[in-house]
């Protein structure tokens, strides 16, 4: 045992305990690895090693007892002051996590913040709009159902409305808002279409001055009512459009006039492909309203059976009438009597004023 108060070369007091001094000797031996490897690798006595170590400390102005040096040599052999990392395991892992708890706390807080941000964005971008859309669909369905009930539907229409309402409710339960809103619109239409269809049919019948037009309106009306009873809403809408078109045709008034303008043909002829020796004659006509407006009308050509919207078309006439019109135009460039037919209000059919088969062409 040495005195714990020593002086170094500078004359400063050094407080050393036996343990600390032993550790210092071990550290010195480790530092002087060449000495240790040479001495520990031979069969030299521990006394020789002690002597060499004592000299090392003496050169530094320190006096170390032989017991301390011997203890240090023994400790070095036994690796008593050598750090050995703990074996890996759960306890070691938990200890490491605890030691680095500051780092992991910050990391975990960052991850939580990111997840919270993602959740908020998802709520704002997807969840909230979906909830609003669903609420809007619920309101639309209920309003359509109330409107349908207040329309006092007929016994034949009531089951259709109930079926549409059930389909809309089912779609809402399955979060299919688009389907629910579509069924709500169909339910609204079902409340309005019967009245609209009936009103339109009455307008057509009141305007028609020929029996064929009235029968056509009644036929369209029956088709529409049957479509409603079957729940075919689109077909019912089409029936109303057909009644609209029929009414527009009945309200039309125009005169079918022969085209009589410079540099425009008033008549042409065709040579049939299956009879080259024959000729088909046509007079070019146009529809002119009482206020002088020229109309475009659907005309089906006998050459290809395709209907087209045209402002001028040719109507088939006899050769003698064709020649009559030709002579009239060649006389002074003007066709004196250019009225070919008339379309009166309340009628669907044209009233021809000259002999014609009604067969038409749309191109020449």
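Please compute one quarter of the surface area of the Cα convex hull for the range 254-361 and express it in square nanometres. Spell out each step's value before the answer.
On the way: hull surface 29.8 nm².
Approximately 7.4 nm², given one-decimal rounding.
Applying 1/(1 + (r/R0)^6) with R0 = 45 Å to the Cβ-Cβ distance of residue 179 and residue 293, what FRET efficiency is obtained, to the nearest 0.05?
On the way: r = 46 Å, r/R0 = 1.02.
E(calc), rounded to 0.05, equals 0.45.
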Just from its helices, what would the mean residue ellipticity at 222 nm be for the chain, if runs of 4 or more DSSP H residues each count -39500 (n - 2.57) and the sum is divided by every residue, rounded to the nearest 500 deg cm²/dmol? -18500 deg cm²/dmol
Sorted by Cβ neighbour density within 10 Å, fewest at the top, the residues 221, 352: 352, 221
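Can you put 145, 313 in order of Cβ neighbours within 10 angstrom, beginning with the fewest?
Working: 145 20, 313 23.
The most exposed by this proxy come first: 145, 313.
Which value, in Å³ per residue, describes the convex hull spanned by the Cα atoms of the range 146-231? Walk me through the numbers before you get to the answer.
On the way: hull volume 7.4 nm³, N = 86.
Hull volume over Cα atoms, normalised by residue count, gives 86 Å³.
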Among 215, 167, 324, what is the fewest-to-most ranking by other Cβ atoms within 10 Å? 215, 324, 167
Find how many whole Å separate the alpha carbon centroid of the range 232-260 from the alpha carbon centroid of the range 305-347. 23 Å
Taking 10 °C and 1.306 mPa s as the conditions, I'd like the Stokes-Einstein D for the chain in µm²/s, using the Kirkwood hydrodynamic radius from alpha carbon pairs. 49 µm²/s
Nearest 10 degrees, 0 to 90: helix 128-150 Cα axis against the chain principal axis: 30 degrees
Tell me, what does the Kirkwood hydrodynamic radius of the range 124-188 come to in angstroms if you use every pair of distinct C-alpha atoms? 12.0 Å
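Taken together, the values in this text are just the output of simple stated rules run on the coordinates, not laboratory data. Everything quoted here is computed from the prediction, not taken from an experiment. When we count neighbours, we look across all protein chains shown, and the Cβ atoms used for this are built from the backbone with ideal geometry, even at glycine.
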